[in-house]
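Visitor: Starting off with a structure, shown below.
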Amino acid sequence: MKSGRIFSALFFGLACLYFLLPLVGTLEFSLRARRGEYSLDAYRNVLADPQFHQTIGYSFILSLATIVLGVLIVAPTAFWVRLKLPRLRPVVEFLTLMPLVIPPIVIVFGYIRLYNTSSWLPLLGSAAGSDFLLVCGYATLSLPYMYRAIDTGLRAIDVGTLTEAAQSLGAGWVTVLARVILPNILTAILSGAFLTFAIVIGEYVLAALLNRPAFGPYMVWMGGNKAYEPAALAVVAFGITWASMGLIQLFSRFSKHTQARR
Amino acid sequence: MSFITLQNIQKSFGATQVVRDFTLGIEKGEFVSLLGPSGCGKTTVLRMMAGFETQTSGTIVLDGQDMGGLPANRRRIGMVFQSYALFPNLTVAENVAFGLKIAGTPRAEAARRVDEMLGMVGLSGFGARYPFQLSGGQQQRVALARAIAPRPRVLLLDEPLSALDAKIRISLRSEIRAIQRELGITTLFVTHDQEEAMSMSDRVVVMSGGRAEQVGAPSEIYNRPATRFVAEFIGSLNLVPGTVRDAATGAIETPAGVIALGRTLPQANGSAVSLAIRPEGLHIGQDGNVVLNARVADSEFLGSIIRLRVMAGGNTPLVIARFNREGHTVPEPGQELTVSANASDIIVLDGVA
């Protein structure tokens, strides 16, 4: 018993080291812009760069659009599969895993071939069209995470009976989804949303090949041209991701009706 | 034409037929129970009524309106589920108001109705709580209030008491019945618990293998079971095998001797039958017109009731139930006594037990 506890503490410590050492290294390096002393110069440079603001603002808005699109596609699908087509579940699960197997470069070349300026639907001819395609691509990339998050949320509630209860009270399908199902899987949707956010903020391939001013390409450009700023940028990006995770915890803690179940 | 008419309903899931030629008329304000063992098709009938399943053939007519093709949310049929199915993200008051909101009831009127409903189920002042803060019995009351609030044409109860403990089950039983009587709402109740069905219903439909075996008032079902299944499913019963000797006079030969029922039997002479009689239909002494000699095998003292197991005519086991009264002695095992019954209490069923 006692040796077991020592072992688990040891492995926990090793795991912490494994995860934290590179981060500590990055953080330490990002603070060494000034010779011989620690300073926040690299951070100051990053935050002062107007391109930083533009790209992160752009990626932020696109990530919101991606989340909305993802929820609109995934929530009704997962709901319907769970309710009416449970035998299709493995198929749908497999399909949602495809973006992990097929590299984003395939998607983006597909887009370029299908929607170029001389095609039947020249979406890439305009900035708005390209943004739309980018959001579609992001939604595809986040599909595995969004689907799993929402499906787990649906598993925690009795979808069938709640749906029937709402229907017997006069609710149509849209009302059932909007007023009964979605509010009860809000925590799951949020965790899917923050994962999506993290993916969109860091994504490089789609944005670079569609030539859109996103945060991912900016980070890569920065990495190729500056010494200390990329490390500072990485720390900032980590901070954003962690804040997202913290928010997931916070939301699930403060959603009133789930308090007692935890 | 009844308020609700289910006509020749058939339902199959793939190759399995779960409801067979089910026909039932329900009058307005009636409380009807569907009673049967699990898998007898009772819940499927209820779900077809609600619109959650579609019958393979047959028609359901409610208040002159054919329900065929009408989706569940447009039927105005309230339903209470075994698992309560309250919306966990909504408060008690919001749960009860759900149907009113969808129906577009003005806010003030909806609030009044919610108060009225919560008062009716004895939960005034619980409106701001969330479902997880209530006990099972309270949750089921909220579910009942929620189902009744939008004034549905029919109330369906799908084993609403099965998930509750015995004590709450019994008190909620009479409460549901009282509310149903007060509102005069036509109610269809599904249960596998015969005591529940018997104590609450105007009429009981006993189901087996997807068929309605018998439809009748609880006393009728109990005292005059129409089929062997009903006789065996409801209450406990003594079954004695026999052969019809004379159908005109009702003489039947049994291992305990020839029993004369004094009435004409529909069965032919020589056909195998079973005689069925309730334990409380047998008396000690010679009060009845069918008299047998018996020896006590053992006796159980159950407080208000004494249950005796006897061997009649040497080798026919019978169970006798009698009220415990001051001055009555409990017969000892081995004691010889005379057992009698009224011929009218003896039911003749086709076939051997």
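No value in this document is a laboratory result; all are computed from the given coordinates. If you're wondering where the values come from, they're calculated on a predicted model, not measured in any experiment. Note that each Cβ is placed from the backbone with ideal geometry, even for glycine, and that neighbours are counted across all protein chains shown.
Visitor: Between residue B:264 and residue B:16, what is 0.36 nm times their sequence separation minus the Cα-Cα distance? Round to one decimal in nm.
Guide: Answer, rounded to one decimal: 85.2 nm.
Visitor: Which order do the peptides A:98-107, B:16-25, A:178-187, B:90-99 come out in when sorted by mean C-beta neighbours inside 10 angstrom, highest first?
Guide: The packing order, highest mean first, is B:90-99, A:178-187, B:16-25, A:98-107.
Visitor: Something else about it: Working from Cα positions, state the angle (0 to 90°, nearest 10) between the long axis of helix B:107-120 and the longest principal axis of chain B.
Guide: Long axis of B:107-120 versus the principal axis of chain B: about 20 degrees.
Visitor: Quick one: among A:119, A:59, A:168, which has the greatest mean-square fluctuation in a GNM of chain A with alpha-carbon springs under 10 angstrom?
Guide: Residue with maximal mean-square fluctuation among A:119, A:59, A:168: A:168.
Visitor: If you average the sequence gap of Cα pairs under 8 Å that are 6 or more apart and divide by the length of chain A, what percent do you get for the contact order?
Guide: 27
Visitor: Among all the aspartates and glutamates, which ones have a C-alpha under 19 Å from residue B:101's C-alpha, if same-chain residues fewer than 8 places away are not counted?
Guide: Candidates past the 8-residue exclusion: A:164, B:109, B:115, B:116.
Visitor: Something else about it: How far apart, in nm, are two points set 7 Å out from the Cα along the Cα-to-Cβ line at residue A:19 and at residue B:302?
Guide: Going from the residue A:19 label point to the residue B:302 one covers 6.2 nm.
Visitor: Would you please give the residues with an amide H less than 5 Å from that of residue B:335, counting only those at least 5 places away or on a separate chain, with H modeled from the backbone geometry?
Guide: B:296
Visitor: Over chain B, with a Gaussian network built from C-alpha contacts below 10 Å, which listed residue (B:259, B:305, B:221) shows the highest mean-square fluctuation?
Guide: Of B:259, B:305, B:221, the Gaussian network model singles out B:305 as fluctuating most.
Visitor: While we're here: May I ask you to derive the relative contact order of the stretch A:128-257, considering only C-alpha pairs under 8 Å and at least 6 residues apart, and to give it as an integer percent?
Guide: So the answer I get is 27 percent.
Visitor: So between residue B:124 and residue B:182, what do we pick up on full extension, going 0.36 nm a residue minus the alpha carbon distance?
Guide: 19.1 nm
Visitor: When Cβ neighbours within 10 Å are restricted to other protein chains, what is their mean count per residue of peptide B:125-133?
Guide: Per residue, the number of nearby Cβ atoms from other chains is 2 on average.
Visitor: Mind checking B:78-85 for the average number of partner chain beta-carbons within 10 Å of each residue's beta-carbon?
Guide: The per-residue average across the peptide is 5.
Visitor: Report the antiparallel proportion of the DSSP beta bridges in the protein assembly as shown as a percent, rounded to a multiple of 5.
Guide: Approximately 75 percent, going by the DSSP bridge assignments.
Visitor: Next question, about the same structure. For a test of the definition: using alpha carbon positions, the gyration tensor, and the 1.5 limit on a/c, classify the stretch B:96-160 as rounded, prolate or oblate.
Guide: Oblate.
Visitor: Can you give me the long-range amide H partners of residue B:271? Hydrogens built in the peptide plane at 1.01 Å from N, cutoff under 5 Å, separation of 5 or more residues or another chain.
Guide: For residue B:271, whose amide H was placed from the backbone, the distant partners under 5 Å are B:244.
Visitor: Okay, moving on. Pulled fully out, how much extra length does the chain show between residue B:227 and residue B:344, if you take 0.36 nm times their separation in residues and subtract their Cα-Cα distance?
Guide: Length gained between residue B:227 and residue B:344: 40.4 nm.
Visitor: Where does the charge balance sit around residue B:262 when Lys and Arg score +1, Asp and Glu -1, over other residues with C-beta under 14 Å from its C-beta?
Guide: Neighbour charge sum, excluding residue B:262 itself: 0.
Visitor: Related question: What whole number of Å gives the distance from the Cα centroid of the stretch B:81-158 to the Cα centroid of the stretch A:208-248?
Guide: 50
Visitor: Here's another thing I want to ask about it. Alpha carbon centre of the stretch B:235-265 versus the stretch A:135-191: separation in Å?
Guide: After rounding, the separation between the Cα centres reads 64 Å.
Visitor: Apply 1/(1 + (r/R0)^6) to the Cβ-Cβ distance of residue B:289 and residue A:173, taking R0 = 56 Å, and write down the FRET efficiency to the nearest 0.05.
Guide: 0.25
Visitor: Quickly work out the residue B:245-to-residue A:102 label distance, labels modelled 7 Å from Cα along the C-beta direction, and quote it in nm with one decimal.
Guide: In this crude label model, residue A:102 to residue B:245 measures out at 8.6 nm.
Visitor: Using the Karplus curve 6.51 cos²θ - 1.76 cosθ + 1.60 with θ = phi - 60°, work out ³J(HN,Hα) for each residue of the stretch A:162-178 in order, rounded to whole Hz, and write x for Gly and Pro.
Guide: 4, 4, 5, 4, 5, 5, 5, 8, x, 7, x, 4, 5, 5, 4, 5, 6
Visitor: Okay, next question. Quick one: angle between helix B:166-183 and the longest Cα principal axis of chain B, in degrees between 0 and 90, rounded to 10, please.
Guide: Helix B:166-183 and the main axis of chain B meet at about 70 degrees.
Visitor: Setting aside same-chain residues fewer than 8 positions from residue A:226, which aspartates and glutamates have a Cα under 14 Å from its Cα?
Guide: Straight-distance partners of residue A:226: A:41, A:49.
Visitor: Would you mind telling me the antiparallel percentage of the DSSP bridges in the stretch B:4-232, rounded to 5?
Guide: That works out to approximately 50 percent antiparallel.
Visitor: GNM, chain B, Cα, under 10 Å: largest mean-square fluctuation among B:233, B:87, B:31?
Guide: B:87
Visitor: Please list the non-local residues whose amide H lies under 5 Å from the amide H of residue B:211, H modeled 1.01 Å from N, same-chain partners needing a gap of 5 or more.
Guide: Hits under the 5 Å cutoff: B:20.
Visitor: List the relative contact order of chain B as a percent without decimals, with contacts defined as Cα pairs under 8 Å and 6+ residues apart.
Guide: 15
Visitor: Another question, if that's okay. For a quick protection proxy, order the peptides A:17-23, B:178-184, B:247-253 by their average other-Cβ count within 10 Å, most packed first.
Guide: The packing order, highest mean first, is B:247-253, B:178-184, A:17-23.
Visitor: For the stretch B:2-28 and the stretch B:205-225, write down the distance between their C-alpha centroids in whole Å.
Guide: 15
Visitor: What ³J(HN,Hα) values, in whole Hz, does the Karplus curve 6.51 cos²θ - 1.76 cosθ + 1.60 give for the stretch A:241-250 when θ = phi - 60°, with x put for Gly and Pro?
Guide: Those phi angles translate into 4, 5, 4, 4, 5, x, 5, 4, 4, 4 Hz.
Visitor: Which angle between 0 and 90 degrees, to the nearest 10, do you get for helix B:92-102 versus the longest principal axis of chain B when only C-alpha atoms count?
Guide: Tilt relative to chain B: about 70 degrees.
Visitor: Give me a comma-separated list of calculated 3J(HN,Hα) values for the stretch A:100-109, in order, Karplus coefficients 6.51, -1.76, 1.60 applied at θ = phi - 60°, integers in Hz, x for any Gly or Pro.
Guide: Listing the rounded values in order: 7, 8, 8, x, x, 4, 5, 4, 5, 5 Hz.
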